[in-house]
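S.K.: I'd like to ask some things about the structure below.
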Amino acid sequence: MGQQAHVEGFLRNTGGEVLEFVNLSLEDRPLGTSTDDEGFFRLRVPAAEEIVLVISHLGYRTKHIPLQLAPGEERRLDITLEPLMQALPDFEVRDRQVLSTDVMKIDPRLSTALPGPSSSVERLIQTLPGVASASELSAQYSVRGGNFDENLVYVNGIEIYRPFLVRSGQQEGLSFLNPDMVESISFSAGGFNAMYGDKMASVLDITYKEPDSFGASFSLSLLEGSLHMEGASGNQRLSYLVGFRYKSNQYLLGTLDTQGDYRPSFSDIQALMRYRISDRWSLSLLGNFNDNSYRFRPDVQRTRFGTITEVREFTVFFNGREVNRFTTTTAALSADFQPSDDLSMQFITSLFQSDERENFDVLGQYWLHRVETDFGQDDFGQPTGEPLGVGTFLNHARNYLNAIVWNAETKGSWQGNGHELRWGIKYQYEDIFDRLSEWSLVDSAGYSLPRDPSDAILLQDTLNTRINLQSNRFSAFIQNTWAIQRGHGRYELTAGARMNYWDFNQQWLFSPRSTLLYKPEIWPRWTFRASAGMYHQPPFYRELRNMQGALNPGIRAQESIHLVLGSAFHFTAWERPFQFTGEVYYKHLDQLIPYQVDNVRIRYYADNISKGYAMGLDLKIHGEFVPGVDSWASLSVMQTKEKIEGALINNPDGELVSAGYIPRPTDQRLNFSMFFQDFLPRNPSYQVQLGFFYSTGLPFWPPTDNMVMNSGRLPSYQRVDIGFSKQLISHQTRFAENNPLRFMESLWITAEVFNLLENNNTISYSWVKDVENQLFAIPNYLTSRLVNVKLIARI
């Protein structure tokens, strides 16, 4: 204690106001503190040494004060910080543009801050209102009652596709979007404008960076790693952006009930090159190669389920393996031409190719036992008695798919006096080859199910087909936006329409859409929105193919009419900015193609035999709950139902009657999600991030070939992921001139705990039968609690 001293005092700004939460630290030493709510600080420092006290605060110039104190000295320092820019007198700012609420803007840097098994943009989207996901292993999401195939994704104006044959989140791998390369994220959950394509649910619009100087980053964890570099030439004509990612969730999959040898290997490399030919012309080339390989040799599965007093254990011993590979390539070339300040045009051509192979032969021998739940019994907690079910199943597949999608389009915009006109024309060619060969065999107690009177062996879920499909699509859109000023407020009206033609079913489509935004003069913090439009979704390949593997040439586009009313309110609380948004919507659905969902696999009936609706309410509160960092919470209430022609259900008397309107597979009534950030007030280099997800259960149906739709509900999905971060290097850290770390802008280390509360979330059910043909539903649980460590560096 005799070799130490103390520094204390108050911190104020140039106006004499005290400053709270100001950071004070010793240069090159792990000592620091921060001011309290009265601006006071006290810091113990080494004595008889030359030290530098560093004072930093957001919006103020960083100050360095050299000190040398005698042992035991108490020194008083009252410090004044200067603002980075001169403070101006109070005035009111009135913007001349309506604060748009038809799309949500998201900070892409938060995709690496949100704790979870994958650092992805889609994981961040899943925290937004109206968006639901029931699996942490998948990047797929449903929006306002739509399925995964009803979402549009764009990168720099180019539509992005995903593989066709993926069955489960374990196989999915890396999505196209690389968060290290993203500049901006825009998302609309419905009622979007005509400039976006022909899907019924949502649009995610991503813009990649256009760097003007060198930068780089890398991250490494127990599950994945990434590296990215960016830069520009000295004359700023050429810029480059390159990213590489690798992921292996073998460590995570080890927490599943099914144990075995997991060998997932997912990697991709992505590059964006831009060259400015002149002030009017520029070229850009975007390329992506994605290789997702999944190998699995199952060994044993032990799953317990039931109630406290009635517990069952399902045990399976496996033999065989699964080998899947999904390789996709995307290339896009675009030319931007701006002949004048008011007119801009873009010419784009892109190519997508997917090569997918799915091979498995898995033999399983299963037993279903009752588990002893009586504490007084010697075999408490152990399987007991005769097996409730015993049998063998064999699953086989040799599936191969190759898809090529090529398109060419031109888009343009012209800004006139108080309005903006946009238009576009697109041609697309599709070539898909699909070879399906799969079946399953179930044998229970020595009998093949279903049992044939002639003792012939009957296979289940048999698909054996070869499909070769070539088709052409044409689409176009036009829309105009008017900015209107009136004495009582400002309006922004966007109206337009889309046209689409597909030569496979020779169907013409016309989709008018409009959005009105209003900002009243008397309530400048409010913005109101009304959207209405028709959204057609022409079938893609998966909607065309039924469960028997045949194509339906008479299939038509699905239809949806969106009606959306929304508002946004900007306010200040605790002297910090907040925004509250709310939307109520109704979607009339017609010409629907019913489907079943198993994990992330969607199987369509390939016929327009359904109609339905979706309606709900979305709420979101977003702001600085903690000074300087964003957090938000989202709440969604939704109902979606459909009426399928020929669908039946059992009434209370056991009789089959018409089903009427039944819940759609995405009918998730309540969904709540939260992303929260915090830090230690006296040492903000220590931070915590929290991701919370809760949603009520989705409907499910026992497997059946007929139209009996007796449904149940999965248990609710509940998950909490938390991360604890420490900033090891910041822009204020000083290194010697020969230290290689001097180039680092920041270095963070994070410890994450996935599924903190260790909830057993169910993604689907496996169905087994006994000799009496009774079905048992065996839950397939998702991942359990796991600890991960992550390192993130930026240069």
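The values are calculated or read from the model by the stated rules, or taken from the named source; none is laboratory data. Keep in mind that this is a model prediction, so the values were computed, not measured. Positions of Cβ are generated from backbone atoms using ideal geometry, with glycine treated the same way; all protein chains shown enter the neighbour counts. Remember, those area values only see protein heavy atoms, side chains included, never the ligands or the DNA or RNA. Shrake-Rupley method; radii C 1.70, N 1.55, O 1.52, S 1.80 Å.
S.K.: Among the residues of the range 180-187, is there at least one that is of a type in the set (Gly, Ala, Ser) and either modelled with pLDDT of 95 or more or more than 18 Å from SER111 (Cα to Cα) (or both)?
M.R.: First, pick out the residues of the range 180-187 that are of a type in the set (Gly, Ala, Ser): 184, 186.
Narrowing the set further to residues that are either modelled with pLDDT of 95 or more or more than 18 Å from SER111 (Cα to Cα) (or both) leaves none.
No; the residues of the range 180-187 include none that is of a type in the set (Gly, Ala, Ser) and either modelled with pLDDT of 95 or more or more than 18 Å from SER111 (Cα to Cα) (or both).
S.K.: Also, I was wondering about something else. Out of curiosity, is ILE55 in contact with a strand residue (DSSP E or B) (Cβ under 6 Å, 6 or more places away or on another chain), more than 25 Å from VAL626 (Cα to Cα) and β-branched (Val, Ile, Thr)?
M.R.: Details: in contact with a strand residue (DSSP E or B) (Cβ under 6 Å, 6 or more places away or on another chain): yes; more than 25 Å from VAL626 (Cα to Cα): no; β-branched (Val, Ile, Thr): yes.
Taking the combined requirement at face value, the residue does not satisfy it.
S.K.: Considering only residues that are within 25 Å of the chain's Cα centre (by Cα), open to solvent by less than 60 Å² (accessible area, probe 1.4 Å) and under 30 Å from PHE393 (Cβ atoms), which ones fall in the range 258-298? Before the answer, list the steps.
M.R.: Filtering the range 258-298 for residues within 25 Å of the chain's Cα centre (by Cα) gives 262-272, 286-295.
Filter again for open to solvent by less than 60 Å² (accessible area, probe 1.4 Å), leaving 262, 264-268, 270-272, 286-288, 290-294.
Those that are within 25 Å of the chain's Cα centre (by Cα), open to solvent by less than 60 Å² (accessible area, probe 1.4 Å) and under 30 Å from PHE393 (Cβ atoms): TYR262, PRO264, SER265, PHE266, ASN292, SER293, TYR294.
S.K.: Could you count how many residues in the range 183-228 are among the aliphatic types (A, V, I, L, M) and surrounded by fewer than 20 Cβ atoms within 10 Å (Cβ to Cβ)?
M.R.: Count: 4.
S.K.: Would you say TRP748 is out of contact with any Phe, Trp or Tyr (no Cβ under 9 Å at 6 or more places or on another chain), outside any loop (DSSP other than H, G, I, E, B) and either touching a residue at least 24 places away in the same chain (Cβ under 8 Å) or loosely packed, with under 14 Cβ neighbours inside 10 Å (or both)?
M.R.: Criteria met by TRP748.
S.K.: Condition test on PHE528, is it in a strand (DSSP E or B), in contact with a Phe, Trp or Tyr (Cβ under 6 Å, 6 or more places away or on another chain) and either over 16 Å from GLY146 (Cα atoms) or open to solvent by less than 10 Å² (accessible area, probe 1.4 Å) (or both)? Steps first, answer last, please.
M.R.: On the way: in a strand (DSSP E or B): yes; in contact with a Phe, Trp or Tyr (Cβ under 6 Å, 6 or more places away or on another chain): yes; either over 16 Å from GLY146 (Cα atoms) or open to solvent by less than 10 Å² (accessible area, probe 1.4 Å) (or both): yes.
When the stated conditions are applied, PHE528 passes them.
S.K.: While we're looking at this one, here's another question. Could you please find all residues in the range 338-377 being crowded, with 16+ Cβ neighbours inside 10 Å and acidic (Asp, Glu)?
M.R.: Selection gives ASP355, GLU356, GLU358, GLU372.
S.K.: If the requirement is being more than 30 Å from LYS63 (Cα to Cα), open to solvent by 30 Å² or more (accessible area, probe 1.4 Å), part of a strand (DSSP E or B) and at pLDDT 90 or above, which of these qualifies: PHE724, PHE672? So that I can check it myself, show each step before the final result.
M.R.: Numbers: PHE724 fails: more than 30 Å from LYS63 (Cα to Cα).
Answer to the selection: PHE672.
S.K.: Are there any pairs with C-beta distances below 9 angstrom linking a residue in the range 647-668 that is at positive phi to a residue that is of a type in the set (A, V, I, L, M, F, W, C), with the two at least 6 apart or on different chains, and if so which?
M.R.: As it stands, the answer is GLY660/ALA647; GLY660/ILE649, since those pairs meet every condition given.
S.K.: Report the residue count in the range 675-695 for those that are at pLDDT 95 or above and hydroxyl-bearing (Ser, Thr, Tyr).
M.R.: 2
S.K.: Could you grab the pairs with beta carbons closer than 9 Å, sequence gap of 6+ or different chains, first residue in the range 7-22 and in contact (Cβ under 8 Å) with a residue 40 or more places away in the chain and among the polar types (S, T, N, Q), second one assigned to a strand (DSSP E or B) and buried (at least 17 other Cβ atoms within 10 Å of the Cβ)?
M.R.: ASN13/TYR60; ASN13/LEU81; THR14/LEU81
S.K.: For a quick check of your reading: which strands (runs of 3 or more DSSP E) sit entirely within the range 432-525 and have at least 2 residues that are at pLDDT 90 or above and over 30 Å from PHE393 (Cβ atoms)? Write out each step before concluding.
M.R.: Numbers: elements: 447-449, 460-486, 489-502, 507-520.
Result: 460-486, 489-502, 507-520.
S.K.: Restricting to the range 586-627, count the residues that are of a type in the set (A, V, I, L, M) and assigned to a loop (DSSP other than H, G, I, E, B).
M.R.: First, pick out the residues of the range 586-627 that are of a type in the set (A, V, I, L, M): 589, 592-593, 597, 600, 602, 606, 609, 614-615, 617, 619, 621, 626.
Add one more test, that the residue is assigned to a loop (DSSP other than H, G, I, E, B), and what stays is 593, 600, 606, 609.
Counting residues in the range 586-627 that are of a type in the set (A, V, I, L, M) and assigned to a loop (DSSP other than H, G, I, E, B) gives 4.
S.K.: Do we have ILE649 as β-branched (Val, Ile, Thr) and either part of a loop (DSSP other than H, G, I, E, B) or surrounded by 17 or more Cβ atoms within 10 Å (Cβ to Cβ) (or both) here?
M.R.: No; evaluated as a whole, the condition is false for this residue.
S.K.: Among the residues of the range 543-560, which ones are part of a strand (DSSP E or B) and either of a type in the set (Asp, Glu) or more than 18 Å from TYR501 (Cβ to Cβ) (or both)?
M.R.: Filtering the range 543-560 for residues part of a strand (DSSP E or B) gives 545, 551, 558-560.
Across the range 543-560, the qualifying residues are ARG545, LEU551, GLU559, SER560.
S.K.: Considering the range 187-230 alone, what residues qualify as being aromatic (Phe, Trp, Tyr) and under 30 Å from THR481 (Cβ atoms)? Before you say what the answer is, go through the steps one by one.
M.R.: Our first condition is that a residue be aromatic (Phe, Trp, Tyr); within the range 187-230, this holds for 187, 192, 196, 208, 214, 218.
Answer for the range 187-230, where residues must be aromatic (Phe, Trp, Tyr) and under 30 Å from THR481 (Cβ atoms): PHE187, PHE192, TYR196, TYR208.
S.K.: Now for a different question. Cβ-Cβ below 9 Å, separation at least six or inter-chain, first residue in the range 758-787 and at positive phi, second at pLDDT below 80 and assigned to a loop (DSSP other than H, G, I, E, B): which pairs?
M.R.: ASN773/PRO450; ASN773/ARG451
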